[in-house]
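We did not get these values from a lab; they are worked out from the coordinates using the rules stated. Keep in mind that what you see is a predicted model, and the values were worked out from it rather than measured. When we count neighbours, we look across all protein chains shown, and the Cβ atoms used for this are built from the backbone with ideal geometry, even at glycine.
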Number of protein chains: 2
Amino acid sequence: MLPFRFTLRSTDGAARRGEFATPHGVVQTPAFMPVGTQGAVKAILHRDVEELGAEIILGNTYHLFLRPGDELIARRGGLHRFIGWNRPILTDSGGYQVFSLASRRVISEEGADFQSHLDGSRHLLTPERATDIQARLGSDIAMVLDECLAFPATREAAAASMTRSVRWAQRSRERLALLRTSAVDGVTVSNPGQAQFGIVQGGLFQDLRDESADATVAIGFEGYAIGGLSVGEPVDQMYAVAGDTARRLPVDRPRYLMGAGTPQDLVECVARGVDMFDCVMPTRHARNGQLFTSEGRLNIKNARYAEDDGPLDPQCGCYTCRHHSRAYLRHLYLAGEMTAGALNTLHNLSFYLDTMRRIRDAIAFRTFDIFRQEFLRSASRLSPDS
Amino acid sequence: MLPFRFTLRSTDGAARRGEFATPHGVVQTPAFMPVGTQGAVKAILHRDVEELGAEIILGNTYHLFLRPGDELIARRGGLHRFIGWNRPILTDSGGYQVFSLASRRVISEEGADFQSHLDGSRHLLTPERATDIQARLGSDIAMVLDECLAFPATREAAAASMTRSVRWAQRSRERLALLRTSAVDGVTVSNPGQAQFGIVQGGLFQDLRDESADATVAIGFEGYAIGGLSVGEPVDQMYAVAGDTARRLPVDRPRYLMGAGTPQDLVECVARGVDMFDCVMPTRHARNGQLFTSEGRLNIKNARYAEDDGPLDPQCGCYTCRHHSRAYLRHLYLAGEMTAGALNTLHNLSFYLDTMRRIRDAIAFRTFDIFRQEFLRSASRLSPDS
């Protein structure tokens with residue numbers, strides 16, 4: 001029996017309140033996973049991430065594979081020990097970053113041949129290799145390697161890509177089964193309780209999504225992700241595909257929408273049955289001075305905040321809002337102080353994680369629809385540039 | 001009666017254990033002041049600075065005057081309120097930065113005419129203006145404007161510069177007296193209990209130093225600084241001048257060696273009667289991967305640390321050393337993660353502040369000389385590049 005176990009606690013419409021157990025602890029769902037690309041959530045410390053209430057973070061296989069290397073990390077006892085983070089970690093497969101390399105990669109049935117953005121060295125990322133690397137990293141949840149479709153895509157391209165992703169998912173699963181039962185030469189399994197999620201593709205074509213979902217579920221994974229969304233399509237289409245796909249996935253497994261999104265996206269996709277999210281938006285926007293608040297988005301560079309003694313968000317109880325004014329945060333940002341990145345990151349992550357807490361409470365109390373309407377109304381009050 | 005009050009608790013040789021009271025709290029001496037140039041100690045949060053045990057930080061008048069401006073800060077209630085730091089703050093006069101502008105400043109008896117490094121705007125920094133700006137900032141300790149001598153300097157240049165600094169000190173003191181007794185048009189006094197320190201100059205010529213000390217003490221300040229050292233002179237000369245100058249200063253006032261230095265410098269100058277220090281070295285070196293440890297200096301970039309699971313310093317109890325390995329810190333540094341700057345800054349400041357605690361204990365127990373010998377022996381074990 002694997003340590004990974006998902007328990008559905010309650011539902012409110014399509015929204016689901018649950019939790020999953022991993023070798024490094026339990027995660028309440030719906031969950032947001034801060035992105036710790038290279039083994040750190042940018043600009044802040046692990047203790048900050050913990051204090052914010054994050055129960056799981058995401059690590060990027062592509063970056064960690066290239067630097068410092070999965071073998072070095074395995075020799076250190078795996079990613080948790082190496083980075084000193086003892087709570088759950090999910091790793092992606094590395095595929096998304098490799099596909100983003102555009103002219104520096106060649107895709108074949110075997111896998112993705114790519115050139116490192118760091119030193120130009122060539123590497124072949126196959127479903128087996130992505131599984132091996134993640135086994136060495138020892139994350140609590142590994143992702144299968146999938147083909148990331150460019151947007152927009154023709155139906156033909158989406159279908160070909162989707163069926164290849166299913167074949168890669170099958171190879172990823174077989175590789176993990178092998179790693180679980182017997183040592184594969186040269187591969188250290190840093191976390192024997194590692195779970196593996198399959199990924200549904202198919203672009204914006206719902207019949208392809210259905211086919212992908214059925215085939216991926218037929219292989220059998222501890223959880224299922226919805227990939228290839230949040231790549232530039234209109235939000236309504238994203239919501240529709242996420243919702244229709246979530247509905248087709250097994251009730252007893254967590255559903256993870258990869259790479260989304262705005263706070264509104266999170267609320268809308270929870271409403272359609274999604275349990276897990278990750279996104280660089282709160283952390284990246286923070287470093288660029290874009291702050292999320294209960295009244296909408298705010299650009300701290302704006303001159304209107306130069307003498308504003310109020311907190312970023314009067315509704316927020318984070319360290320930044322308890323101790324600092326918009327005037328000070330604007331000053332630090334304009335002065336190029338690293339501390340601005342830290343304070344803004346604390347706030348934006350707090351906003352995201354607090355939104356997830358409120359979502360979970362609302363589902364448990366079966367008041368999710370009221371929460372959702374209120375949240376969307378207040379979030380739309382400020383435009384992105386205010 | 002002013003809130004500023006220095007109390008000498010005990011001595012051990014020339015080393016002094018004391019404390020001074022300010023409107024924002026008490027500071028134990030000998031003290032090290034982390035530098036918060038633009039209203040933040042670079043890369044970390046105020047709560048980190050507090051947890052490290054820093055009782056006072058330094059703010060740079062030049063930077064705060066140019067951005068966001070002393071008048072804006074005064075409208076926010078002063079620097080403490082603006083930056084959300086409720087403990088003591090010392091501000092420099094801005095002179096050091098202005099003199100560092102080299103070709104972009106012209107010095108006259110009136111003051112220093114300079115061009116902003118930010119936008120090229122011209123400003124005149126006089127003793128009166130430096131006093132006014134610091135009154136608006138409302139620091140707990142303000143410094144007089146002094147002329148910063150280039151190193152090396154002829155005796156003639158040193159003498160001329162020193163006597164001008166004395167005249168400027170007199171003007172600074174008179175301006176503060178005026179600010180204290182009656183409102184000067186357009187100057188908000190953000191902190192009525194602000195103290196002011198004079199600065200002893202005179203280069204490496206001890207008779208000029210003596211003359212400067214006597215003249216500055218004759219004006220009368222709440223404390224005295226030793227300026228113009230740690231500018232490139234051999235350490236032995238720095239120690240000698242600091243010691244001889246400290247000895248000439250009143251026993252009942254704190255003595256502040258400006259801009260020094262290495263941990264060894266701190267220990268050596270405490271041994272010669274200095275009570276206060278500030279330096280960017282621990283924070284700047286941290287961001288450059290240079291770490292101070294009980295075994296000497298360490299360069300985290302070094303390949304030898306790639307698989308080193310030990311802490312930066314086995315003797316250190318800081319957050320970084322409790323949670324992270326040299327291997328992880330090397331990885332974060334090479335990956336360019338901002339978190340590396342934060343973790344390294346926490347460690348270096350912890351090393352400095354912990355050294356000051358050990359110094360204070362040793363003086364109180366009259367074991368300072370043993371401490372000093374042991375400290376210097378272990379600190380010399382690693383070269384700066386190991």
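Mean sequence separation of contacting Cα pairs (under 8 Å, at least six apart), scaled by the length of region A:155-279, corresponds to a relative contact order of 21 percent.
Looking at region A:314-381, the trypsin sites (Lys or Arg not before Pro) that sit in a DSSP loop and have at most 12 other Cβ atoms within 10 Å of their own Cβ are A:ARG381.
The residue among A:ASN302, A:HIS323, A:ALA271 whose Cα reaches farthest toward the positive pole of the charge dipole of chain A, with charges on the beta-carbon of Lys, Arg, Asp and Glu, is A:HIS323.
Treating only the Cβ atoms of Lys and Arg (+1) and Asp and Glu (-1) as charged, compute the dipole magnitude of region A:8-280 about its Cα centre; round to the nearest 20 debye.
520
Taken about its Cα centre, the protein assembly as shown carries a charge dipole of about 520 debye when Lys and Arg each add +1 at the Cβ and Asp and Glu each add -1 at the Cβ.
When you restrict to C-alpha pairs under 8 Å that are six or more residues apart and normalise by the size of region A:1-133, the relative contact order lands at 17 percent. Note on A:LYS42, B:LYS301: ascending count of other Cβ atoms within 10 Å places them as B:LYS301, A:LYS42, the fewest first. Basic side chains Lys and Arg get +1 at the Cβ, acidic Asp and Glu get -1 at the Cβ, and with that the dipole of region A:286-379 about its Cα centre reaches some 260 debye. With equal scatterers on the alpha carbons only and no solvent term, can you work out the Debye log10 of I(q)/I(0) for chain A at 0.09, 0.10, 0.12 1/Å? Calculated log10 I(q)/I(0) at the listed q: -0.51, -0.63, -0.92.
Note that region B:1-129 carries a Kirkwood radius of 16.6 Å, evaluated over its alpha carbons pair by pair. With kT/(6 pi eta Rh) evaluated at 37 °C and eta = 0.692 mPa s, and Rh the Kirkwood radius from Cα pairs, the protein assembly as shown diffuses with a coefficient of 114 µm²/s according to Stokes-Einstein.
Take the Cα radius of gyration of region A:200-271 and divide it by 2.2 N^0.38 Å, N being the number of residues; the result is 1.02. Simple rule: put +1 on each Lys or Arg Cβ and -1 on each Asp or Glu Cβ in chain B, find the dipole, and look at B:GLY202, B:LEU145, B:THR345; the Cα lying farthest toward the positive end is B:THR345.
Using a Gaussian network model of chain A in which every pair of alpha carbons under 10 angstrom is joined by a spring, one finds that among A:GLY317, A:GLY111, A:GLY186 the greatest mean-square fluctuation is at A:GLY186.
Rounded to the nearest 500, what is chain A's calculated 222 nm mean residue ellipticity when only DSSP H runs of at least 4 contribute -39500 (n - 2.57) each, over all residues?
The helix-only estimate for chain A comes to -12500 deg cm²/dmol at 222 nm.
Its Kirkwood hydrodynamic radius, worked out from the mean inverse distance over all distinct Cα pairs, puts region A:286-379 at 13.8 Å. Normalised by 2.2 N^0.38 Å, with N the number of residues, the alpha-carbon radius of gyration of region A:273-335 equals 1.20.
Counting DSSP beta bridges with both partners in region A:8-280, what percentage is antiparallel, nearest 5? Walk me through the numbers before you get to the answer.
Details: 16 of 37 bridges.
Percent antiparallel among DSSP bridges in region A:8-280 is about 45.
Relative contact order, whole percent, for chain B stands at 17, derived from Cα pairs under 8 Å and 6 or more residues apart.
The antiparallel fraction among DSSP beta bridges confined to region B:1-144 stands at about 75%. Going through the DSSP H helices of chain A, which span 18 Å or more along their own axis at the Cα atoms while scoring at least 0.0 as a mean Kyte-Doolittle hydropathy? Both cut-offs are met by A:338-364. Where both bridge residues fall in region A:86-216, DSSP classifies roughly 60% of the beta bridges as antiparallel.
Counting only Cα atoms, region B:195-332 measures 59, 29, 21 Å along its principal axes, largest extent leading.
As a proxy for reagent exposure, B:VAL267, A:VAL106 were ordered by neighbouring Cβ count within 10 angstrom, fewest first; the result is A:VAL106, B:VAL267.
Using the Cβ of A:MET238 as centre and a radius below 13 Å, the other residues enclosed give a net charge of -3, where K and R count +1 and D and E count -1. Put in order of Cβ neighbour count within 10 Å, fewest first, the listed residues A:VAL184, A:VAL231 become A:VAL184, A:VAL231.
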